[in-house]
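Note sheet for the following structure.
The values are calculated or read from the model by the stated rules, or taken from the named source; none is laboratory data. Because the structure is a prediction, the values reported are computed rather than measured. Methodologically, a virtual Cβ is constructed for each residue, glycine included, from the backbone with ideal geometry; neighbour enumeration extends over all protein chains shown.
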Amino acid sequence: MTVSTDEALAKSDAFPLSEKNISAQVRAAQYAVRGEIVIRAGELEEELKKGKKLPYGDSILYCNIGNPQQLGQVPITFFRQVLALCDYPEMMANPHADKIFPKDVLKRAKEYLAAIPGGTGAYTSSQGAPICREHVAAGITHRDHGIKSDPGNIFMSDGASQSVHTILRMLLRGTQDAVLTPIPQYPLYSAALALYNGTLLPYYLDEQNQWALRLDECKSQVDKARSEGQNVRALIVINPGNPTGSVLSEENQKEIVKFCVRESLVLLADEVYQDNIYIAGKTFHSFKRVAVELGKEAEQLVLVSMHSISKGFYGECGRRGGYMEIINLPADVKAQLIKLSSINLCSNVNGQICTAMMMNPPKEGEESYELFAKERQGLLDSLKRRAKLLVTALNKLEGVTCNEAEGALYAMPQLKLPAGAAKAAEESGKPVDFFYCKALLESTGIVTVPGSGFKQAENTYHFRTTILPPEDQIEEVTERLSKFHAEFMKKYSNSS
Amino acid sequence: MRSTVYAVRGELMQRGEELRKAGREIIFTNIGNPQALGQKPLSFNRQVQALVNAPFLLENERIIAEFPEDAIARAREMLTKLPGGVGAYQDSRGSPAIRQEIADFLQHRDGYPSNAEHIFMTDGASPAVRMCLQALIRDSRDAILVPIPQYPLYSASIQLLGGSLLPYHLKEESGWSMNVEDLRNQVRLGRDNGMAVRALVFINPGNPTGQCLSYQNLKDLIEFAAEEKLVLMADEVYQTNIYQDELPFVSAKRVLRDIGGSVADELELISFHTISKGVIGECGLRGGYMELVNIHPEVIGEMYKIASINLSPNTMGQVSISLMVNEPKPGDTSYEKHVEEKGTTLASLIRRAHIMTDGFNKLEGVTCNFTEGAMYSFPRIRLPPKAIQAAKEAGKPADTFYCLALLEATGISTVPGSGFGQEEGTLHLRTTILPPENSIKEVIARLTKFHEEFMDKYR
């Protein structure tokens, strides 16, 4: 977006609403995933559209955001069939309906429409349509080896981001309330903490050890914060990690649960990448199951688990859908949550239905299962290949080390850049990784997000790229990147 | 957060839910949710939506044969406006091409150009309202002028954001009119108490009150806001729910541009619209937009930043907005059916507006202004002293007491006037005009019987 300066407007000093008198929290919030570099990419794209020739070709390669369908990922057929029927049920009256749609698709659409008064066009209950919550709960139960999930504890959302906003708004009373946040983190968290006037209490993930979560690190941060008069309210864990791509071991998760119980912290489990795991030996364990299996030790744990339709192998980002499951929240607090949800009426119903299907997909033996399983496996295999390709290529670059992308949709390489680059960056008034990413964009059209956008350990520099460019383009991406990197290193190694 | 209240889904609705789960038939007239009460969505809109949701259907011969050709063409065109299809995040303000459609619609509606860059699509008008209030409210000294009675999104949001609500009262006896002098007094009062009065909200057509503002009224509001340097927030979500001819809808934007001069250049106006209301009634899709006029570019930049944290508004909502602002044209295959469907729904809403108003006006002690626009009836009820006493003993506001009794006796779920704010010493309730025509007479009958019994009981 180009924010054009209107001279007439810019002259006046006494605007009713201006940068001078806008809410400080709004001003403080930042979100690099669609920040300055992405805005610049948008400008370049406009230029390309107008026919301008750029050195690297005719396209901008958006590697800044986990937006798979924008890069050609094909949606799950079953989901789209059911959603289309829910939007226009008249298709089911067609005498050839069963030749256009598989039986189980028709059955599922009818089931949702029968249970949701007004179909996709009416507000549902603020927690979400009961049938969608039932399907989600059934899916969670199945995923968690039979540990029952209660639909009454499910809150449907317009994406996990919305759930994060809701929970943080509820938890934060003022700047004395702090939330343990992993560094690096997905900048929704830092932005939301800024917006709701809370304090971000960082805990550094251990890059040398595959971005491990160190509880001793968490503990020392908690103790330090408390000694300074802060209330530490919650621990955010993103598993699989964003931007890091690391997947926690079950052992680690047990310790995390016990830690939260000991320290009376709400565990905010961002589990949106639970269906994106690429390496043998790692599997998704939900915090819910880990906690329940710990038995008495974890009985008191207050857990908020968030999931979304945006990622996985379904990638329905644009639709905006997800849920949070809340465990052990006191009834009066839950009532507050319902009240808060009601002000926005409800989350969009298409998203609710898609979320229900994500958690309750076609089963073996059903007509659509074979295609569904094929689509799912095909996508996951492709993501696995691309993750490996990208990380391998990144590790070949001079001064670059990159942990394996065990899960999620990103690679987060660390850059060790020459002093000349640091100097040039300083002169430009930007952190050196921003400087690098900007130069990368201008030279190659590849859009990434500087590590500073996610926060990182001091004196380390990173950038995040997605693993989402289509397979037939990934080699091009790595080639452009390698060429640029070599030139960049050469340029700034020689300069004093 | 604990002190925030949103009565539209508050105590009455929760009690209604309890009764419904226990097997009672409940008629929910608490919320403007037309499709839940049987209103059909527009066929063309849903055809396009289905095809956009499942583009592979466009390759299916049977579908091509069944769907009108303009729906098929529009679906294809829609997909070009949403890069990656409906499964992909779009621009954080919503698809640029669809924003241009909105701008074209606004130009056509008002006769003045509109800038697509200054339009933000959102998941309904409510998030857009919240975004603006969030930018405006720094602390409790920041006050927002809000009409009383009001739609409680405003009171709840202001409360949540830690700001102050500065009320200005609409005068029931004169058709819920507003008076600039009242506004001026309230601003003075606010400022004398150390408040920074930041914005003036008005809802046209009104919710819950249903009045339509005259051109002059709008002119007065705009000039007042300009004079006092307030941001003017124009909630115009009911702009196509107009049930009389005397006061057609005129947008604040149009009046602003008509006024011209320095006011037109300086008055900061934010207008809100939605797909939830009108005759399309697509509440569940969650789609809306705001148009920012004369808002400082830096503020727009901040709003873009905030919008980007939630990535983008949901795509099906965007599709529906496109369909709302860019409809089948004369000559298009679907045009006639589309016009007919809209006309049928609107005519029915007009009839029901009259039925509800007349029904209430026949009740003892009840007066009800006509629903000139929007979707609600907001009758004033005058209860006997014994009823007031009983309410006090029950620990409830008198209108809540009445509404609960109404619910228990008839299954009709309404919202007490106290949920919207009202002149002290007055009592109201809000009901929608949405019960289907084949049951609305029954609703009135049940209501009438209950009211007679209630009045007799507490006489």
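Residues of the stretch A:20-64 that are within 10 Å of chain B (Cβ to nearest Cβ), among the β-branched types (V, I, T) and touching a residue at least 40 places away in the same chain (Cβ under 8 Å): A:V26, A:V33, A:V38. Inspect the stretch A:171-184 for any residue being hydroxyl-bearing (S, T, Y), within 14 Å of chain B (Cβ to nearest Cβ) and within 27 Å of A:D332 (Cβ to Cβ) and give the result as yes or no. Taking every residue of the stretch A:171-184 in turn, at least one turns out to be hydroxyl-bearing (S, T, Y), within 14 Å of chain B (Cβ to nearest Cβ) and within 27 Å of A:D332 (Cβ to Cβ).
When A:T460 is tested against (1) of a type in the set (V, I, T); (2) farther than 20 Å from A:V38 by Cβ; (3) touching a Ser or Thr at 6+ places or on another chain (Cβ under 9 Å), just one condition goes unmet, and that condition is (3). On inspection, A:A212 passes the criterion of being surrounded by fewer than 24 Cβ atoms within 10 Å (Cβ to Cβ), more than 12 Å from chain B (Cβ to nearest Cβ) and in contact (Cβ under 8 Å) with a residue 24 or more places away in the chain. For the stretch A:291-317, filtering for residues that are surrounded by fewer than 19 Cβ atoms within 10 Å (Cβ to Cβ) and either within 14 Å of another protein chain (Cβ to nearest Cβ) or assigned to a helix (DSSP H, G or I) (or both) leaves 5.
Screening B:R430 on (1) in a strand (DSSP E or B); (2) at positive phi shows it passes everything except condition (2).
Residues in the stretch A:94-101: is at least one surrounded by fewer than 24 Cβ atoms within 10 Å (Cβ to Cβ), in the same structural domain as A:S310 (by TED's automatic domain parsing) and among the polar types (S, T, N, Q)? No, every residue in the stretch A:94-101 fails to be surrounded by fewer than 24 Cβ atoms within 10 Å (Cβ to Cβ), in the same structural domain as A:S310 (by TED's automatic domain parsing) and among the polar types (S, T, N, Q). Within the stretch A:128-154, the set of residues being crowded, with 23+ Cβ neighbours inside 10 Å and within 14 Å of chain B (Cβ to nearest Cβ) comprises A:G128, A:A129, A:C132.
Within the option set B:S312, B:S308, being within 13 Å of another protein chain (Cβ to nearest Cβ), in contact (Cβ under 8 Å) with a residue 40 or more places away in the chain and outside any helix (DSSP H, G or I) holds for one residue only, B:S312. Answer with yes or no whether A:L417 is touching a residue at least 12 places away in the same chain (Cβ under 8 Å), in a helix (DSSP H, G or I), hydrophobic (A, V, I, L, M, F, W, C) and out of contact with any Cys (no Cβ under 8 Å at 6 or more places or on another chain). It is false that A:L417 is touching a residue at least 12 places away in the same chain (Cβ under 8 Å), in a helix (DSSP H, G or I), hydrophobic (A, V, I, L, M, F, W, C) and out of contact with any Cys (no Cβ under 8 Å at 6 or more places or on another chain).
Taking the residues in the stretch B:423-442 that are surrounded by 23 or more Cβ atoms within 10 Å (Cβ to Cβ) and in contact (Cβ under 8 Å) with a residue 60 or more places away in the chain as candidates, determine which candidate is farthest from the chain's Cα centre (by Cα).
Residue satisfying both the conditions and the ranking: B:H428.
Scanning the stretch B:182-212 for residues that are away from chain A (no Cβ under 14 Å), within 19 Å of B:Q422 (Cα to Cα) and not hydrophobic (A, V, I, L, M, F, W, C) gives B:D182, B:N185, B:Q186, B:N204, B:P205, B:G206, B:P208, B:T209, B:G210, B:Q211. Beta carbons closer than 7 Å, at least 6 apart along the sequence or on distinct chains, never pair a first residue in the stretch A:156-167 that is facing another protein chain (nearest Cβ under 8 Å) with a second that is of a type in the set (F, W, Y) and buried (at least 24 other Cβ atoms within 10 Å of the Cβ).
For the stretch B:336-371, the set of residues classified as outside any helix (DSSP H, G or I) and within 14 Å of B:P435 (Cβ to Cβ) consists of B:T371 only. Within the stretch B:164-180, residues that are among the hydroxyl-bearing types (S, T, Y) have Cβ atoms under 6 Å from residues that are part of a strand (DSSP E or B) and surrounded by fewer than 19 Cβ atoms within 10 Å (Cβ to Cβ) in these pairs: B:S177/B:K171, counting only partners at least 6 apart in sequence or on another chain. Is it true that some residue in the stretch B:150-172 is more than 30 Å from B:N33 (Cα to Cα) and either modelled with pLDDT of 95 or more or not in a strand (DSSP E or B) (or both)? Scanning the stretch B:150-172, I find no residue that is more than 30 Å from B:N33 (Cα to Cα) and either modelled with pLDDT of 95 or more or not in a strand (DSSP E or B) (or both), so the answer is no. Scanning the stretch A:65-97 for residues that are facing chain B (nearest Cβ under 7 Å) and in contact with a strand residue (DSSP E or B) (Cβ under 9 Å, 6 or more places away or on another chain) yields A:I65, A:N67, A:Q70. Residues in the stretch A:318-358 that are of a type in the set (A, V, I, L, M), more than 9 Å from chain B (Cβ to nearest Cβ) and assigned to a loop (DSSP other than H, G, I, E, B): A:L329 alone. Each residue in the stretch A:98-127 was checked for being more than 9 Å from every other protein chain (Cβ to nearest Cβ) and in contact (Cβ under 8 Å) with a residue 12 or more places away in the chain, and 14 pass. Please determine whether any residue of the stretch B:25-44 is closer than 30 Å to B:A116 by Cα and either among the aromatic types (F, W, Y) or more than 9 Å from every other protein chain (Cβ to nearest Cβ) (or both). The answer is yes; a qualifying residue exists.
Within the stretch A:170-181, does at least one residue satisfy the condition of being basic (K, R) and within 22 Å of the chain's Cα centre (by Cα)? No, the stretch A:170-181 has no match at all. Residues in the stretch B:57-75: is at least one closer than 21 Å to B:M316 by Cβ, away from chain A (no Cβ under 12 Å) and among the basic types (K, R)? Checked against the condition, which is being closer than 21 Å to B:M316 by Cβ, away from chain A (no Cβ under 12 Å) and among the basic types (K, R), the stretch B:57-75 yields at least one hit. Considering every residue within the stretch A:246-257, establish whether at least one is among the hydrophobic types (A, V, I, L, M, F, W, C) and closer than 23 Å to A:R173 by Cβ. Looking through the stretch A:246-257, none of the residues is among the hydrophobic types (A, V, I, L, M, F, W, C) and closer than 23 Å to A:R173 by Cβ. Scanning the stretch A:356-392 for residues that are surrounded by fewer than 22 Cβ atoms within 10 Å (Cβ to Cβ), under 19 Å from A:T478 (Cα atoms) and touching a helix residue (DSSP H, G or I) at 6+ places or on another chain (Cβ under 8 Å) gives A:S382, A:R385, A:L389. Taking (1) within 30 Å of A:Q127 (Cβ to Cβ); (2) within 21 Å of the chain's Cα centre (by Cα) in turn, A:E406 satisfies each apart from (1).
Given the criteria away from chain A (no Cβ under 14 Å), within 19 Å of the chain's Cα centre (by Cα) and of a type in the set (K, R), does B:K253 qualify? Working first, answer last.
Working: away from chain A (no Cβ under 14 Å): yes; within 19 Å of the chain's Cα centre (by Cα): yes; of a type in the set (K, R): yes.
Yes.
A search for C-beta distances below 6 Å between a residue of the stretch B:342-363 that is closer than 21 Å to B:E282 by Cα and any residue that is part of a helix (DSSP H, G or I) and not aliphatic (A, V, I, L, M), counting only pairs 6+ apart in sequence or on different chains, returns B:S348/B:E437.
Only one of the numbered conditions (1) under 28 Å from B:G421 (Cα atoms); (2) more than 22 Å from the chain's Cα centre (by Cα) is violated by B:E340, and that is (1). Scanning the stretch B:68-94 for residues that are without any contact (Cβ under 8 Å) to a residue 12 or more places away in the chain and either touching an Asp or Glu at 6+ places or on another chain (Cβ under 7 Å) or not in a loop (DSSP other than H, G, I, E, B) (or both) turns up B:A73, B:E77.
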